[in-house]
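For reference, the structure discussed in these notes is given below.
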Amino acid sequence: MDLQLTDKIVVVTGGSSGIGLAAVRGFLDAGARVAFCARGAERLNTAYAALQTEYGSERVYAAALSVLDKEAVADFASKVADRFGGCDGLITNAGQGRVSTFADTSDEAWREELELKFFSQIHPIRAFETMLKNSSAGAIVGVNSLLAYQPEPHMVCTSAARSGVQNLLKSLAGELAPAIRVNSIVLGLVDSQQWQRRFDNREDKSVSRESWYANLAASKKIPLGRLGQPEEAARALIFLASPAASYITGAQLEISGGVSRFV
Ligand code: NDP
C-alpha cells in the first residue's frame, strides 16, 4: 500500500521518546519531512542529531518547548512554516499519565491534569490549523488511552480527562471537516519511558525487566500476552495521518493487544 507520504510535512508533539519518536522515524521512513518537539532539550537534541545524520538535515526539524506554552507552540508553528512551507499532518502525542485515586487527587492536581490533557491538544491544533486547512491532505491524529472508555480505579483523574479529550476530538472531526480529518488512537499498555520509569521505581529491585513486564501483561490480562512496542502504536498513527486513510475521520483505533472489555 502506498501511504502517499513522500514530501508531506508532519508535526509530532512529544517526539523525543517512545511512541512519538517511533512515529517521527516512521514518517521519515515513509518519505515525509518531520518537525517534532518535547520539553527536555538534551534528549530532544540527541534524537535530532541522530535523525539529521540518518535522514538528512533538510528533512527534519526539532524544537524544545512545552505544548502547554501557547506562545512557544505558536512560535514552533511559524518556524515549521518558514522551514517547510506548511503542514499536512499533526500528531498530538505529548503527555503522560497520572496515577491517583479520587481521594488522593488534590484540586490543584485535577487542574494540572485537565490542563495537560486538553491543552496538549488545543494549543497545537490552534497553532497548526490554518496550515492543515491549506493542505490538500490535512489530518490530525490524537494519541489517547483506553482509559477514556475503561477507567482504572488507580487512574481516576487521568481517565476522566481522557474521556473528555475523546469527546473533543469527535467534535473537531465534524467542525474541521472536510478540510481536516481528525482521528485518534486509544492505547492499552505500550512499552515506553512511562513504563520504564515505573520499572525503575519497582519495589523489589531483584526482579528482572523481562519478568516484571511479563507479570504486568499477565496481571492486566492482555490477550496477546505482552505490552505493545512503540512502533506498533506508531504504525497506526502513520496510517491514520496519511492520505491512504482519506475517508476516515472521527474514528478511533484501539492498539491494546485486545485488552478492552467493551464491545
Ligand atoms: P514517553 O514518556 O516515552 O514519551 C512522552 C513524550 O512526550 C516525550 O518526548 C516527552 O518529552 C514529551 N512530553 C511530555 N510532556 C510534554 C509537554 N508538556 N510538552 C512537550 N512534550 C512533552 O511516553 P509514551 O511514548 O508512552 O507516551 C506518548 C503518549 O501516549 C502520551 O501522551 C501518553 O500519555 C500516551 N499513552 C501512553 C501509554 C503507554 O502505555 N505507553 C498508554 C496510554 C497513553 P519531555 O518529557 O522531554 O517533554
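The values are calculated or read from the model by the stated rules, or taken from the named source; none is laboratory data. Bear in mind the structure is a predicted one, so any value in this text is a computation, not a measurement. When we count neighbours, we look across all protein chains shown, and the Cβ atoms used for this are built from the backbone with ideal geometry, even at glycine.
Which of the following residues is charged (D, E, K, R), surrounded by fewer than 23 Cβ atoms within 10 Å (Cβ to Cβ) and not assigned by TED's automatic domain parsing to the domain that holds ARG181: ASP107, ASP69, ASP2, ASP82?
Among ASP107, ASP69, ASP2, ASP82, only ASP2 is charged (D, E, K, R), surrounded by fewer than 23 Cβ atoms within 10 Å (Cβ to Cβ) and not assigned by TED's automatic domain parsing to the domain that holds ARG181.
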Legend entry - Boolean, GLU203 is away from the ligand (no atom under 16 Å from the Cβ), within 21 Å of GLY257 (Cα to Cα) and either touching a His at 6+ places or on another chain (Cβ under 8 Å) or not assigned by TED's automatic domain parsing to the domain that holds ALA74 (or both): no
Inset, instruction - Provide a single number: the residues in the stretch 23-53 that are farther than 17 Å from ALA234 by Cβ, within 13 Å of the ligand (Cβ to nearest atom) and not in a loop (DSSP other than H, G, I, E, B). - result: 7
Inset, instruction - Look through SER163, SER120 and report the one residue that is over 24 Å from ALA22 (Cβ atoms) and either in a helix (DSSP H, G or I) or at pLDDT 95 or above (or both). - result: SER163
Inset, instruction - Show the residue pairs that are 6+ apart or on different chains and have beta-carbon atoms under 8 Å apart, the first residue being within the stretch 191-208 and in a loop (DSSP other than H, G, I, E, B), the second being loosely packed, with under 13 Cβ neighbours inside 10 Å. - result: VAL207/ASN215
Legend entry - Among the residues listed as PHE76, PHE36, the single one being at pLDDT 95 or above, buried (at least 21 other Cβ atoms within 10 Å of the Cβ) and within 14 Å of the chain's Cα centre (by Cα): PHE36
Legend entry - the stretch 4-22 - residue that is under 10 Å from the mean Cα position of the chain (by Cα) and outside any helix (DSSP H, G or I) and, of those, nearest to the ligand (Cβ to nearest atom): GLY14
Legend entry - Residue count for the stretch 159-181, restricted to those that are free of Cβ contacts under 8 Å to residues at least 24 places away in the same chain and more than 16 Å from the ligand (Cβ to nearest atom): 4
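Yes/no matrix, rows are residues, columns are (1) buried (at least 20 other Cβ atoms within 10 Å of the Cβ); (2) among the aromatic types (Phe, Trp, Tyr); (3) farther than 29 Å from VAL10 by Cβ; (4) under 21 Å from the mean Cα position of the chain (by Cα):
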site: ASN167; (1), (2), (3), (4): no, no, no, yes
site: GLN193; (1), (2), (3), (4): no, no, no, yes
site: ARG202; (1), (2), (3), (4): no, no, yes, no
site: VAL207; (1), (2), (3), (4): no, no, yes, no
site: ALA214; (1), (2), (3), (4): no, no, yes, no
site: LEU237; (1), (2), (3), (4): yes, no, no, yes
site: LEU240; (1), (2), (3), (4): yes, no, no, yes
site: SER246; (1), (2), (3), (4): no, no, no, yes
Inset, instruction - Identify the single condition in (1) away from the ligand (no atom under 12 Å from the Cβ); (2) at pLDDT 95 or above; (3) of a type outside the set (Ser, Thr, Tyr) that GLU254 does not satisfy, given that it satisfies every other one. - result: (1)
Legend entry - Residue among VAL156, VAL186, VAL190 that alone is within 16 Å of the ligand (Cβ to nearest atom) and out of contact with any helix residue (DSSP H, G or I) (no Cβ under 9 Å at 6 or more places or on another chain): VAL156
